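Visitor: Supplied in structure tokens, the structure appears directly below.
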Amino acid sequence: MSRRPPQIKTRAFLANLPMFSAMSSEELERVAAATVPIHARKGQSLFQCGDPCTGFHVVVYGQVKLGFTSPQGVEKVVEIIRPGQSFGEALMFLEQPYIVFAQALSDAMLLHVARHAVFEELARDPGFARHMLSGLSRRLHDLVRDVEAYSLRSGQERVIGYLLADAARVGGGEPVEVHLSAGKSVIASRLNMTPEHFSRILHELSAAGLIEVNGPVVRIPDLARLKRGA
């Protein structure tokens with residue numbers, strides 16, 4: 001007998017997201033009514049490049065990778081979406097099909113917010129429009145930082161930056177344990193390097209005493225020392 005996926009209160013979850021936090025109960029009810037939960041198994045495709053974009057997604061739990069495949073069959077991961085993060089807003093506004101694919105990296109739950117509900121609330125509330133613009137601006141800022149990292153930073157600097165960002169999400173005191181739950185090959189693609197190069201850098205950082213690697217778990221004894229290592 002398969003285990004039933006956990007349920008959530010859609011309106012309450014949306015209310016905790018920055019873009020919806022200032023909405024009234026009535027506004028949240030309207031958006032929640034146009035929101036559909038999606039349960040995805042690990043490895044399941046959510047959409048393919050070229051599929052129509054009818055809204056945007058928010059990850060409740062699990063992880064989702066966004067990427068594309070070259071004509072030669074080489075996969076490039078452009079983003080790893082974590083709980084509380086959203087994707088698809090820009091294409092929703094452009095009313096264009098997806099330019100990437102989305103695949104669950106683990107068992108995951110997402111919410112799909114329909115485009116028509118977003119457009120209706122944008123017409124009603126300029127404040128909601130500002131929240132949406134803020135989110136899109138952060139995404140553009142992150143994209144520029146990615147281009148800067150790929151162009152100007154060494155492989156080791158990129159790996160350290162990824163570990164420090166994950167450590168910041170974990171929070172708490174030191175030492176910090178970061179779980180490479182997305183898989184080393186996926187993370188390597190995200191950082192624009194080969195899996196072999198990624199593993200070699202982890203080994204070098206471990207040999208230098210900056211991290212301790214135990215399978216998918218990376219233990220960081222001293223965050224400041226690791227940052228200096230970059």
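The values are calculated or read from the model by the stated rules, or taken from the named source; none is laboratory data. Source: prediction; values computed, not measured. Ideal geometry is used to build each Cβ from the backbone, glycine not excepted, and the neighbour counts take in all protein chains shown. Keep in mind that these areas ignore ligands, DNA and RNA; they rest on the heavy atoms of the full protein, side chains included. Shrake-Rupley method; radii C 1.70, N 1.55, O 1.52, S 1.80 Å.
Visitor: Answer yes or no: is there a residue in the stretch 117-138 that is among the charged types (D, E, K, R), over 18 Å from A22 (Cβ atoms) and either over 19 Å from the mean Cα position of the chain (by Cα) or open to solvent by 20 Å² or more (accessible area, probe 1.4 Å) (or both).
Guide: No.
Visitor: Which number in (1) closer than 30 Å to F198 by Cα; (2) of a type in the set (A, V, I, L, M); (3) modelled with pLDDT under 90 marks the one condition that L133 misses?
Guide: Of (1) closer than 30 Å to F198 by Cα; (2) of a type in the set (A, V, I, L, M); (3) modelled with pLDDT under 90, only one is false for L133: (1).
Visitor: Here is a further query. For the subset of the stretch 139-158 comprising residues that are among the charged types (D, E, K, R) and surrounded by 14 or more Cβ atoms within 10 Å (Cβ to Cβ), which member is nearest to the chain's Cα centre (by Cα)?
Guide: That would be R139.
Visitor: Checking R11 against (1) charged (D, E, K, R); (2) in contact with a helix residue (DSSP H, G or I) (Cβ under 6 Å, 6 or more places away or on another chain); (3) part of a loop (DSSP other than H, G, I, E, B): exactly one of these is not met. Which one?
Guide: The single condition R11 does not satisfy is (3).
Visitor: Please enumerate the residues belonging to the stretch 19-50 that are outside any helix (DSSP H, G or I), open to solvent by less than 60 Å² (accessible area, probe 1.4 Å) and in contact (Cβ under 8 Å) with a residue 40 or more places away in the chain.
Guide: Applying the first criterion (outside any helix (DSSP H, G or I)) to the stretch 19-50 yields 19-24, 34-50.
Remaining after also requiring open to solvent by less than 60 Å² (accessible area, probe 1.4 Å): 19-20, 23-24, 34-35, 38, 40, 43, 45-47, 50.
M19, F20, M23, A34, T35, I38, A40, G43, S45, L46, F47, G50, listed by residue number.
Visitor: I'd like the residue in the stretch 162-188 that is open to solvent by 20 Å² or more (accessible area, probe 1.4 Å) and part of a helix (DSSP H, G or I) and, out of all such residues, is nearest to D222 (Cα to Cα).
Guide: L164
Visitor: Let me ask something else about it. State whether one or more residues within the stretch 138-161 are in contact with a strand residue (DSSP E or B) (Cβ under 7 Å, 6 or more places away or on another chain), among the aliphatic types (A, V, I, L, M) and either under 17 Å from E79 (Cα atoms) or not in a loop (DSSP other than H, G, I, E, B) (or both). Show your work before the answer.
Guide: Initial filter on the stretch 138-161 (in contact with a strand residue (DSSP E or B) (Cβ under 7 Å, 6 or more places away or on another chain)): none.
Checked the stretch 138-161: no residue is in contact with a strand residue (DSSP E or B) (Cβ under 7 Å, 6 or more places away or on another chain), among the aliphatic types (A, V, I, L, M) and either under 17 Å from E79 (Cα atoms) or not in a loop (DSSP other than H, G, I, E, B) (or both).
Visitor: Shifting gears a bit: Output the number of residues of the stretch 190-220 satisfying the condition of being open to solvent by less than 20 Å² (accessible area, probe 1.4 Å) and either outside any loop (DSSP other than H, G, I, E, B) or small (G, A, S) (or both).
Guide: 6
Visitor: So which residues in the stretch 56-92 are in contact with a Phe, Trp or Tyr (Cβ under 9 Å, 6 or more places away or on another chain), of a type outside the set (V, I, T) and buried (at least 16 other Cβ atoms within 10 Å of the Cβ)?
Guide: Correct list: F56, H57, K65, L66, G67, E79, S86, F87, G88, E89, L91, M92.
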